[in-house]
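Quick notes on the structure that follows.
The values are calculated or read from the model by the stated rules, or taken from the named source; none is laboratory data. Keep in mind the model is a prediction, meaning the values are calculated, not measured. FYI the Cβ positions are ideal-geometry reconstructions off the backbone, even for glycines, and counts take in every protein chain you see. In case anyone asks, the SASA skips ligands and DNA or RNA and just uses the protein heavy atoms, side chains included. Shrake-Rupley method; radii C 1.70, N 1.55, O 1.52, S 1.80 Å.
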Protein chains: 2
Amino acid sequence: MKKLINHPDDVVRESLQGMALAHPDLLNVHFDPHFIYRADAPVSGKVAIASGGGSGHEPMHGGFVGMGMLDAACPGEVFTSPTPDQMLEAAKMVNGGAGVLNIVKNYSGDVMNFEMAAELAYAEGIQILNILIDDDVAVKDSLYTQGRRGVGTTVLAEKICGAAAQQGYDLKQVANLCRQVNLNGRSMGMALTSCTVPAKGSPTFNLGDREIEVGIGIHGEPGRQRIPIQSADEITEMLALSIIEDTPYTRTVREWNGDRGEWVDVELTDPPFQNGDAVLAFVNSMGGTPLSELYIVYRKLAQICAQKGLKIVRNLIGPYITSLDMQGCSITLLKLDDELIKLWDAPVKTPSLRWGI
Amino acid sequence: MKKLINHPDDVVRESLQGMALAHPDLLNVHFDPHFIYRADAPVSGKVAIASGGGSGHEPMHGGFVGMGMLDAACPGEVFTSPTPDQMLEAAKMVNGGAGVLNIVKNYSGDVMNFEMAAELAYAEGIQILNILIDDDVAVKDSLYTQGRRGVGTTVLAEKICGAAAQQGYDLKQVANLCRQVNLNGRSMGMALTSCTVPAKGSPTFNLGDREIEVGIGIHGEPGRQRIPIQSADEITEMLALSIIEDTPYTRTVREWNGDRGEWVDVELTDPPFQNGDAVLAFVNSMGGTPLSELYIVYRKLAQICAQKGLKIVRNLIGPYITSLDMQGCSITLLKLDDELIKLWDAPVKTPSLRWGI
């Protein structure tokens, strides 16, 4: 393993120290427990938006802390869920009296710990709602997940909910919006290479010189199939059609009822994409893939969307939800309406996503 | 070789097609000859800022075309200089009557072709000035260069000169500013791994499992030394001290005198960094290195700058001038004054650098 690190045990802490040194105008970092929070937190009267998960997916989530996006991010160790005390302390720090929305990627450890944090916060008088992101169409159930995994739509939900909170939506409105974004977003990824977790020091899995993994998870979990390398156009078509032609997916999720202090089962179904839909197209690098290749993927994706009657009205292209040094990409399509477009376009100022300010 | 491409011959063209599809609000792409130009070009009365070079360094340069930065970018094939006709046609397209500044990285092929373009444009009545960027302290003379190579400072010069042109600086003022940025910027890079050029299909060079190349060029040219892997702190210290302690570097460059239509030799010397200087610190990924590792490098760089009495007042952290999928990083320090800070902070709207708008 060759990496720009000191000791594997210090990767997360030192990277956070670097962020704190680099962006004091935008964010602060709290250590032990670790969390990143907006420099001006708490913002009085504003719903706070928080997220978290294992490290190794940077810039998600810490790179999205700032005005118009996240109030707090809780990083676990690499590919390891953060703990409930991180989430609780982060919630206390950023709660401006209007409650906290946690955007939770659907991985068993994350879900369990964010649920525990919501209960702990409730006991301390802080209203937390958790909304699950489970947008990965590749597989149902996987190594770390029951149901679909949470991937690229998370980034879009954080931007859109962050803007909504900034504009004064209340907690239930932001939670409803987040649920809407999740139900209207679908993703799928692929890997050309594995990634190497610092503490392990060797590749997470092995792919042959001419093999790719289609439907990979962001921790290198197995996908739909391992196949010989294909052209960028063929790969893009596989991912895009899996997303566009995905049929309605119904699942039951547990949501916290903050008024009654109890968990409620909610049944949710994704609406399918339809001819004429306006979409945001997000082409994401898994970390090690050059930007030039993402544009080759985008080129084909734009052609496919045009053929399928999907109108790309916004896009995002680059490394936003990564898997360390993995080469590969993911595609996310999110159906937009006027409200989502307005929220997407709203000003944002974070280390890794910024415009309008 | 596994890449997200179709055919190696089509990489540049298809990537440009993707950019055109993704960013019609910001830029257009002209094919045969290839160049990217601002969607609203020519901007009447504004000095046009152009650059170019081999592809494979994305987002540089095409990702920096847009309001407040470049008017045009001329991409060659991967790691291959663009041709004079690309530069000439681009200049004709973006010249708003106030002339064109070409920001030229110091590689023999680029220099020769940009010189030829300046002469051709002069014959057609377009004023072009070329300013060389030669900021790489690692080596003097290398595989593709006489004198120091042009690397990270290029990105900063493009931003700062783009802002100046937007604010109404005339051609000579922008050229002087660009020269100032170059003289006050110094860089050095290192590689953990090689990169793979699509047309070649195998790594450009070989590094052992425990070896790194310090002082690498952006095409994988040899650097100062090949040494066993070190910690991120040790590597950062090697790069940072080479930059900070670099002694004044004097060279003679050829500059075009647009009034007289002739080349003039100009002797230029870099001022050294001094205790108390305000600097912009730029930590750049060579392409395949995760953002989390760049922050570990930034952490140590900030400590070293503090020890040396350099005050980091602005920073840029991410993949901006890359070498395809190479793992590694480069550091650039640019001495700032109030004028440069104001121009750095000015609004910019390009695919890969955006704020304030």
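What residues have an amide H closer than 5 Å to that of B:SER323, excluding those fewer than 5 places away on the same chain, when H is modeled at 1.01 Å from N in the peptide plane?
B:GLY287
Could you work out how much longer the chain between A:ARG224 and A:GLU124 gets when fully extended? Use 0.36 nm per residue separation minus the Cα distance between them, nm to one decimal.
Stretched fully, the A:ARG224-A:GLU124 segment lengthens by 31.7 nm.
Name the residues of the range A:289-303 whose accessible area, probed at 1.4 Å, falls by at least 30 Å² once all protein chains are in place instead of their chain on its own?
Residues of the range A:289-303 that lose at least 30 Å² of accessible area once the other chains are added: A:PRO290, A:LEU291, A:SER292, A:GLU293, A:TYR295, A:ILE296, A:TYR298, A:ARG299.
Checking an interface number: how much accessible area is buried between A and B, summed over both chains, with a 1.4 Å probe, in Å² rounded to 100?
Heavy-atom accessible area buried at this interface is about 4500 Å².
For chain B, set up a GNM with springs between Cα atoms under 10 Å and report which of B:ALA41, B:ALA191, B:ALA306 has the largest fluctuation.
B:ALA306
What are the ³J(HN,Hα) values, in whole Hz, obtained from phi via the Karplus relation 6.51 cos²θ - 1.76 cosθ + 1.60 with θ = phi - 60°, for each residue of the range B:243-256 in sequence order, with x given for Gly and Pro?
Computed from phi, the couplings for the range B:243-256 are 6, 5, 8, 4, 7, x, 10, 10, 9, 9, 10, 8, 10, 7 Hz.
Given a Förster radius of 51 Å and the C-beta distance between A:GLU339 and B:ASP209 as r, what FRET efficiency does 1/(1 + (r/R0)^6) yield to the nearest 0.05?
0.45
Label B:GLU267 and A:LYS92 with points 7 Å out from Cα along Cα→Cβ: what is the distance between them in nm?
Calculated label separation equals 6.7 nm.
Along the charge dipole of chain B, Cβ charges K/R +1 and D/E -1, which of B:LEU294, B:LEU4, B:VAL151 sits furthest on the positive end?
Positive-most Cα among the choices belongs to B:LEU294.
Considering the zone a paramagnetic label at A:ALA39 would reach in this model (a point 7 Å from Cα along the Cα-to-Cβ line), which residues of the range A:1-20 have amide N under 18 Å from it?
Residues A:16-20 qualify, since their backbone N sits under 18 Å from the label point.
How far is it, in nm, from the label point at B:GLN146 to the one at B:SER231 when both lie 7 Å from their Cα along the line to the Cβ?
4.4
For the range A:299-311, take each phi angle, set θ = phi - 60°, evaluate the Karplus expression 6.51 cos²θ - 1.76 cosθ + 1.60, and give the result in whole Hz per residue in order, putting x for glycine and proline.
After applying 6.51 cos²θ - 1.76 cosθ + 1.60, I find 3, 6, 4, 5, 5, 5, 4, 4, 4, 8, x, 9, 9 Hz.
Placing a label point 7 Å from Cα toward Cβ, how far apart in nm is A:PRO272 from its equivalents in the other copies, listed shortest first to one decimal?
7.2
So how much slack lies between A:TRP355 and A:ASP85, counting 0.36 nm per residue of separation and subtracting their Cα-Cα distance, in nm?
Length gained between A:TRP355 and A:ASP85: 93.9 nm.
Would you kindly compute the Cα radius of gyration of chain A and its largest Cα-Cα separation (Dmax), both in Å?
Looking at chain A, its Cα Rg and Dmax stand at 18.9, 55 Å.
Report the local net charge at B:GLY56: Lys and Arg +1, Asp and Glu -1, summed over other residues whose C-beta lies under 12 Å from its C-beta.
Taking every other residue near B:GLY56 into account, the sum is -2.
Say a label goes 7 Å from Cα toward Cβ at A:GLN307 in every copy; what distances in nm does this one have to the rest, shortest first?
The projected label point of A:GLN307 is separated from its counterparts by 5.8 nm.
Of B:LYS2/B:LYS300; A:LYS342/B:LYS349; A:LYS92/B:LYS349; B:LYS92/B:LYS159; A:LYS172/A:LYS349, which pairs sit farther than 29 Å apart, going by alpha carbon to alpha carbon?
Long pairs (Cα-Cα over 29 Å): B:LYS2/B:LYS300; A:LYS92/B:LYS349.
List every residue whose amide H lies under 5 Å from the amide H of A:TRP263, counting only residues 5 or more places away in sequence or on a different chain, with H placed 1.01 Å from N in the peptide plane.
A:ASN257
Mind checking the log10 I(q)/I(0) for the range A:84-142 at q = 0.13, 0.19, 0.21, 0.25 Å⁻¹? Debye, one equal scatterer per Cα, no solvent, two decimals.
For the range A:84-142 at q = 0.13, 0.19, 0.21, 0.25 Å⁻¹, log10 I(q)/I(0) is -0.35, -0.64, -0.74, -0.96.
Amide H of B:VAL279: which non-local residues (sequence gap of 5 or more, or other chain) have their own amide H closer than 5 Å, using H built in the peptide plane?
Residues meeting the amide H criterion: B:LYS311, B:ILE312, B:VAL313, B:ARG314, B:LEU336.
What number comes out for the charge environment of A:PRO198, summing +1 per Lys or Arg and -1 per Asp or Glu over other residues with Cβ under 10 Å away?
Residues near A:PRO198 contribute -2 overall.
Please check the range A:206-255 for residues whose accessible area, probe 1.4 Å, is lower by 30 Å² or more when all protein chains are in place than in their chain alone.
Buried-area filter returns A:ALA232.
Quick one: if you stick a label point 7 Å off each Cα along the C-beta vector at A:PHE31 and B:ASP10, how many nm between them?
5.2
How would you rank B:5-18, B:46-59, A:88-101, highest first, on the average number of other Cβ atoms within 10 Å across their residues?
B:46-59, A:88-101, B:5-18
Please give the charge dipole size of the range B:183-227, origin at the Cα centre, charges +1 on K and R Cβ atoms and -1 on D and E Cβ atoms. Round to the nearest 20 debye.
It comes to approximately 100 debye.
Let me confirm one metric for peptide B:18-26, namely the mean number of other chain beta-carbon atoms within 10 Å of its residues' beta-carbons.
Counting other chains' Cβ atoms within 10 Å and averaging over B:18-26 gives 6.
How big is the range B:6-71 by the Kirkwood estimate over distinct Cα pairs, in Å?
Hydrodynamic radius (Kirkwood, Cα pairs) of the range B:6-71 is 12.4 Å.
Compute the convex hull volume of the Cα atoms of the range A:277-356, divide it by the residue count, and report the result per residue in Å³ as a whole number.
Taking the convex hull of the Cα positions in the range A:277-356, it is 90 Å³ per residue.
Calculate for chain B the 222 nm mean residue ellipticity that helices alone would give, adding -39,500 (n - 2.57) per DSSP H run of length 4 or more and normalising by residue count, nearest 500 deg cm²/dmol.
-9500 deg cm²/dmol
In nm, what does the list of distances from B:GLU211 to its counterparts in the other copies look like, shortest first, when each label sits 7 Å along Cα to Cβ?
Relative to the other copies, B:GLU211 has label-point distances of 2.9 nm.
Provide the per-residue ³J(HN,Hα) series for the range A:143-153, in order, calculated from phi with Karplus coefficients 6.51, -1.76, 1.60 and θ = phi - 60°, each as a whole number of Hz, with x at glycine and proline positions.
Ordered by residue, 3J(HN,Hα) equals 3, 10, 9, 9, x, 6, 6, x, 9, x, 4 Hz.
Rounded to two decimal places and with Rh computed the Kirkwood way over Cα pairs, what is Rg over Rh for the protein assembly as shown?
0.96
Per residue, how much accessible area does the range B:231-357 have with a 1.4 Å probe, in Å²?
35
Roll a 1.4 Å probe over the protein chains and send me the accessible area per residue for the range B:116-159 in Å².
34
Go through A:ALA121, A:ALA72, A:ALA90 and say which Cα lies farthest out towards the positive end of the charge dipole of the range A:65-129; charges sit on Cβ, +1 for Lys and Arg, -1 for Asp and Glu.
Result: A:ALA72, furthest along the dipole toward the positive end.
Percent of accessible area on the protein assembly as shown owned by carbon and sulfur, 1.4 Å probe?
Solvent-exposed carbon and sulfur of the protein assembly as shown make up 48 percent of the total.
Is there a quick way to get the dipole size of the protein assembly as shown? I mean about its Cα centre, with the Cβ of Lys and Arg at +1 and of Asp and Glu at -1; what is the value in debye to the nearest 20?
Computed about the Cα centre, the dipole is about 240 debye.
Which chain B residue sits with its beta carbon nearest the axis carrying B onto A, and how many Å away is it, rounded to a whole number?
Per the B/A rotation axis, the closest residue of B reads B:GLY288, 2.
So, in Å, what gap is there between the alpha-carbon centers of the range A:214-263 and the range B:107-176?
Between the Cα centre of the range A:214-263 and that of the range B:107-176, the gap is 46 Å.
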